[in-house]
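This report refers to the structure that appears directly beneath it.
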Amino acid sequence: MTARISLTPPSTELLERIERHFQRRLGAALEPMRAMAHQPQVLATMVELEKNAAGWNAVDQELKELAVMAAAFGIGCSWCIDYGYWASVSHGIPAEKVEAISAWRDSDLFTELERRVLAYAEAMTETPPAVTDEMVSGLLRDLTEPQVVELTAIVAVENQRARLNAALGLTSQGFKERCEIPVPGKD
């Protein structure tokens with residue numbers, strides 16, 4: 001599938017700054033940023049949201065990465081799954097754990113808290129959301145109310161990202177492959 005909108009927007013100072021940043025950090029420009037750059041106010045707002053969300057620190061990074069990936073899988077955003085894999089592994093989550101997120105119920109790699117977080121993220125991602133009082137009570141056994149609010153907010157941010165990317169037809173950019181170590185003798 002190809003993007004439903006051009007990934008060659010008019011150049012702006014903001015887009016050039018963003019592209020230089022991600023070229024240094026990741027070695028690639030991010031296609032969602034290029035798509036959003038067609039409407040500079042949207043791009044600026046999303047960049048500010050992402051900068052602010054990156055500073056949230058009440059919840060353990062691994063729990064947030066797991067929740068984000070569960071939401072990305074729930075929506076089926078291949079761009080988010082690809083980038084999320086890279087981000088998760090870069091934050092120290094073992095690749096086999098990240099790969100098991102889509103089938104977490106059948107995996108023994110996750111703690112009980114992680115299972116509650118994954119179920120919560122999936123329930124938030126359903127339309128309409130299927131979060132229950134019991135889910136939140138379960139999270140509150142291990143997390144504080146501010147942590148539950150942050151977890152909820154990061155899943156909501158991922159829902160926004162994933163829905164925008166999926167609607168615009170954005171697909172994998174190959175970030176996952178940057179995590180994999182080539183096996184000698186294999187192509």
Checklist line | Out of E13, E50, sole residue that is under 23 Å from R178 (Cβ atoms) and among the charged types (D, E, K, R) | finding: E50
Check: Do you know which residues across segment 77-120 are out of contact with any Phe, Trp or Tyr (no Cβ under 6 Å at 6 or more places or on another chain), among the small types (G, A, S) and assigned to a helix (DSSP H, G or I)?
Finding: S78, G84, A87, S88, S90, A95, A103, A119
Item checked: The one condition in (1) open to solvent by 40 Å² or more (accessible area, probe 1.4 Å); (2) at pLDDT 95 or above that H91 fails to fulfil -> (2)
Margin query: With the requirement that a residue be of a type in the set (V, I, T) and within 30 Å of R4 (Cα to Cα), what does segment 55-114 give you?
Written below: V68, I75, I81, V89, V98, I101
Item checked: Members of segment 1-33 that are closer than 19 Å to L168 by Cα and β-branched (V, I, T) -> T2, I5, T8
Item checked: Residue that is surrounded by the fewest Cβ atoms within 10 Å (Cβ to Cβ), among those in segment 66-86 that are farther than 12 Å from I154 by Cα and small (G, A, S) -> G76
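The rows are residues; the columns are (1) in contact with a Cys (Cβ under 8 Å, 6 or more places away or on another chain); (2) in a helix (DSSP H, G or I); (3) crowded, with 17+ Cβ neighbours inside 10 Å.
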position	(1), (2), (3)
E134	no, yes, no
D142	no, no, no
I154	no, yes, yes
E158	yes, yes, yes
R161	yes, yes, yes
Next item on the list: Identify all residues within segment 103-114 that are within 18 Å of the chain's Cα centre (by Cα) and surrounded by fewer than 16 Cβ atoms within 10 Å (Cβ to Cβ); write none if there are none.
Entry: A103
Margin query: Taking the conditions exactly as written (among the hydroxyl-bearing types (S, T, Y), within 26 Å of N52 (Cα to Cα) and either at pLDDT 95 or above or in contact with a strand residue (DSSP E or B) (Cβ under 9 Å, 6 or more places away or on another chain) (or both)), does T132 satisfy them or not?
Written below: no
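The values are calculated or read from the model by the stated rules, or taken from the named source; none is laboratory data. Everything numeric here is computed off the predicted structure, so don't read it as measured data. Backbone-built Cβ (ideal geometry, glycine too); neighbour counts: all protein chains shown. Ligands, DNA and RNA are excluded from the accessible area calculation, which covers all protein heavy atoms including side chains. Shrake-Rupley method; radii C 1.70, N 1.55, O 1.52, S 1.80 Å.
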